[in-house]
Amino acid sequence: MLSCRICGGRLHEFMDFGRQPLSSGLLEPEYLGDEFFFRLAVGVCGECTMVQLTEEVPRHLMFNSHYPYLSSGSSVMRKHFEGTAQRFLETDLTGKDAFLVELGCNDGVMLRVLAEAGVRHLGVEPSQSVADIARRQGIRVTTEFFQESTAADIRKTEGHAQVIFAANTICHIPYLDSIFRGVDALLAPDGVFVFEDPYLADIVDLASFDQIYDEHYFFFSVSSVSAMAERFGFELVDVERLPVHGGEVRYTIARAGRRAPAPAVAELLERERRRGLSDLKTLKGFVGRVERARDELVSLLRRLRDEGRTVVGYGATAKSATVANYCGIGPDLISFISDTTPNKQGRLTPGSHIPVRSREEFESPYPDYAVLFAWNHAEEIIAKEQQFRASGGKWILYVPDVRVV
Ligand code: SAM
Ligand code: TMP
Ligand code: ZN
């Protein structure tokens with residue numbers, strides 16, 4: 001029997017993506033030896049409603065000195081995190097010698113603002129590749145995995161934090177019991193633990209199955225996060241829906257009884273309950289839509305290939321690993337994927353072995369079609385790639401359904 005990583009309750013598996021590689025494990029072309037694969041499957045807990053993977057990939061295989069993802073790669077995300085930092089500066093960080101700790105600070109996209117404002121901060125970032133980029137900008141970072149022991153060390157040398165923040169990181173961590181014990185050790189009595197991650201309701205509504213890959217261990221809802229907070233002696237006191245990365249929620253957690261919960265918590269909880277968000281029936285409906293999208297995408301790509309059209313991908317996202325490997329899309333259907341990340345270029349996508357090339361190659365010459373794997377950045381990308389459409393090119397989207405625009 002599968003059991004829930006948070007509460008030990010019974011886990012009901014509802015979707016199996018089969019054998020999948022490390023989503024960020026891009027390969028050197030000359031190294032096509034053994035690749036790591038695992039079974040990517042998702043289940044929902046019948047007790048606490050947490051949606052989660054059934055298998056855990058060892059963390060050092062994903063987050064290490066080769067981790068290529070750069071948070072500053074999108075101008076919309078840079079603005080988003082500048083706004084986030086600014087808001088902390090105006091609210092929880094106004095006190096004398098205030099201190100913020102960010103888990104998974106990546107290249108310092110958020111902490112840069114605090115560093116420039118002269119506010120005490122520390123990033124905890126296990127992937128040395130990106131931690132070094134942050135450090136070079138004068139941001140304080142320790143290259144470690146956050147867990148109970150890390151938190152105790154920080155508390156000893158730096159004192160309590162008024163804010164512990166994490167974006168797109170908490171859902172990556174299976175060992176959340178250790179994280180919460182760490183937060184308990186490090187957080188000031190009136191401090192807040194704030195994190196934002198893809199929202200289960202948006203994933204279900206958009207059928208965005210590509211949010212499911214090795215790094216995304218949990219798929220949070222207000223219901224599952226509030227139960228988890230309570231279990232660990234905390235309380236969910238605010239929630240805010242965010243438009244980034246295909247729909248997220250920012251959760252604010254405080255020690256139980258310390259802050260009055262905002263009405264938004266009860267409102268979203270009730271909305272989730274009414275629509276049966278965590279019911280197996282809802283989740284099985286999601287699977288049906290995903291299977292349809294897969295079949296439509298594959299037939300479209302095969303038809304375009306047979307007609308002799310040129311098709312490339314745009315954005316060698318971690319998400320695209322699930323799409324390519326689940327749909328069986330290789331270099332015969334998508335000749336290359338263009339991506340601006342230096343450490344992805346010149347490599348092959350994991351499992352599917354599609355070459356990754358620079359942005360310059362996208363326009364020399366423009367292809368007939370481009371599959372927008374970075375669909376969560378659609379507005380930004382379509383706006384800056386107007387020339388592609390002007391020269392007759394078309395985008396292929398597969399979320400929320402397969403369409404050519
Ligand atoms: N916060 C950035 C953002 O939103 O763009 C980066 C998100 S990135 C998808 C996830 C980050 O979490 C990676 O940089 C990874 O190294 C880091 N990470 C993974 N496990 C962690 C842990 N236990 N403690 C702190 N960071 C962790
Ligand atoms: P993400 O969806 O996980 O944020 O990943 C976005 C990927 O797409 C990342 O590898 C960078 C790439 N990218 C581009 O190549 N061009 C762009 O304009 C943007 C915004 C992202
Ligand atoms: Zn559970």
Whole-Å distance linking the alpha carbon centroid of segment 335-405 with that of segment 56-91 is 22 Å
According to the Cβ-distance criterion of 4.7 Å, cysteines of the chain with no possible disulfide partner are 105, 171, 327
For residue 96, counting only lysines whose alpha-carbon sits under 30 Å away and dropping same-chain residues fewer than eight positions off, the answer is 79, 156
Two pseudo-spin positions, 7 Å from Cα along C-beta at residue 298 and at residue 153, lie apart in nanometres by 4.6 nm
A chain fully extended from residue 61 to residue 190 at 0.36 nm per residue, minus the present Cα-Cα distance, gains in nm 42.8 nm
Taking alpha-carbon centroids only, segment 6-26 lies from segment 170-230 a number of Å equal to 16 Å
If N is the residue count of segment 349-401, its Cα Rg over 2.2 N^0.38 Å rounds to 1.18
In whole percents, the bins of 10 Å from zero upward hold the Cα-Cα pairs of segment 194-317 as 11, 35, 29, 15, 7, 3, 0
As a percent rounded to 5, the proportion of antiparallel DSSP bridges among beta bridges in segment 1-148 is 65 percent
Highest mean packing first, using Cβ neighbours within 10 angstrom, the peptides 102-112, 316-326 sort as 102-112, 316-326
Here the Cα Rg-to-2.2 N^0.38 Å ratio for segment 312-377 is 0.98
Counting only backbone N atoms under 14 Å from a point 7 Å out along Cα-to-Cβ of residue 309, the residues of segment 337-376 in range are 367-372
Relative to the compact-globule estimate 2.2 N^0.38 Å (N residues), the Cα gyration radius of the chain stands at a ratio of 0.98
Yeah, segment 101-194 with a ≥ b ≥ c from its alpha-carbon gyration tensor (a/c under 1.5 is rounded, else prolate when a/b outruns b/c, oblate otherwise) is oblate
Distance in nm between residue 383 and residue 30 label points, each 7 Å along Cα→Cβ, equals 4.2 nm
Taking a straight Cα-to-Cα line shorter than 22 Å from residue 394, and setting aside same-chain lysines fewer than 8 residues away, one finds 319, 384
Once both label points are put 7 Å beyond Cα along the C-beta direction, the residue 144-residue 269 separation in nm becomes 3.5 nm
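Every number in this text was worked out from the coordinates using simple rules, so none of it is lab data. A quick note: this is a predicted structure, and the numbers were derived from the prediction, not measured. Methodologically, a virtual Cβ is constructed for each residue, glycine included, from the backbone with ideal geometry; neighbour enumeration extends over all protein chains shown.
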